[in-house]
Amino acid sequence: MSGRLICDCPSPGATRRLARQLGLLAMPGLVIALNGDLGSGKTAFVQGLAQGLAVPPDCYVTSPSFTLINEYPGRLPLCHADLYRLGEGADLEAIGLLERIEQQEALVAIEWAEAAAADLPPDHLAVHLEITGARRRRITLTAGGRRTENLLKDLAAAWRQDRISA
């Protein structure tokens, strides 16, 4: 397997299931860089991650478009950032996100991550969401290094099993 996994998700529920599997497999310090058009499902993906990380159901995961960063407790803390309003060259240090990444304690999920590509660790997981229909998405996950490549191998096996049993 290469360091890439492509999943066609027929619904937002399938997108969340894929991300839930990823959350179940996630390790401390994982950085997920989410990119895709408006409405492509980035926040739905993070909601699935939260399920896999056992974020309590009363902690409803919403887009931090205006707060920039939301944090949630779970098996691993979830740090959810949205850089849409900051645009290209976003200063992760100024908003406290660089510190969260460097601590390597939480899973850090960043929407509109291309705005801060230079500050992402090399071994991050890039997730691109593409709209292929009213509810359908093609999700391409790309590993940045050995750690995330191993994670993708485990995710591919779990995703195949989930699709078989669904």
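The numbers here are math on the coordinates, done by the rules we state, and not lab data. The model shown is predicted, which means the values in this text are computed figures rather than measured ones. FYI the Cβ positions are ideal-geometry reconstructions off the backbone, even for glycines, and counts take in every protein chain you see.
Just grab the label-to-label distance for D37 and R146, each label 7 Å out from Cα along the Cβ direction, in nm (one decimal).
Output for this residue pair reads 4.0 nm.
Over its Cα atoms, what ratio of radius of gyration to 2.2 N^0.38 Å does the chain give?
Computed over Cα atoms of the chain, the ratio equals 0.94.
What FRET efficiency comes out for A94 versus Q161 if R0 is 41 angstrom and r is the Cβ-Cβ distance? Round to the nearest 0.05.
For A94 and Q161, the calculated efficiency is 0.45.
In Å³ and rounded to a whole number, note down the convex hull volume per residue for the Cα atoms of segment 48-141.
119
How big is the gap, in Å, between the Cα center of segment 18-88 and the Cα center of segment 119-148?
Rounded to whole Å, the Cα centres lie 13 Å apart.
Ignoring everything except DSSP H segments at least 4 long, calculate the 222 nm mean residue ellipticity for the chain; use -39,500 (n - 2.57) per segment, divide by total residues, nearest 500.
So the calculated ellipticity at 222 nm is -10000 deg cm²/dmol.
Count the DSSP beta bridges whose two residues both fall in segment 24-138, then state the antiparallel fraction as a percent rounded to the nearest 5.
30
With the chain treated as a Gaussian network of Cα nodes joined by springs under 10 Å, which of Y72, Y84, Y60 yields the largest mean-square fluctuation?
Maximum fluctuation in the GNM of the chain, among the listed residues, is at Y60.
Once Rh for segment 1-54 is found with the Kirkwood sum over Cα pairs, what is the Stokes-Einstein diffusion coefficient at 4 °C and 1.567 mPa s, in µm²/s?
Answer, rounded: 111 µm²/s.
Distances over 12 Å make up what percent of all Cα-Cα pairs in segment 117-166?
Everything past 12 Å amounts to 70 percent.
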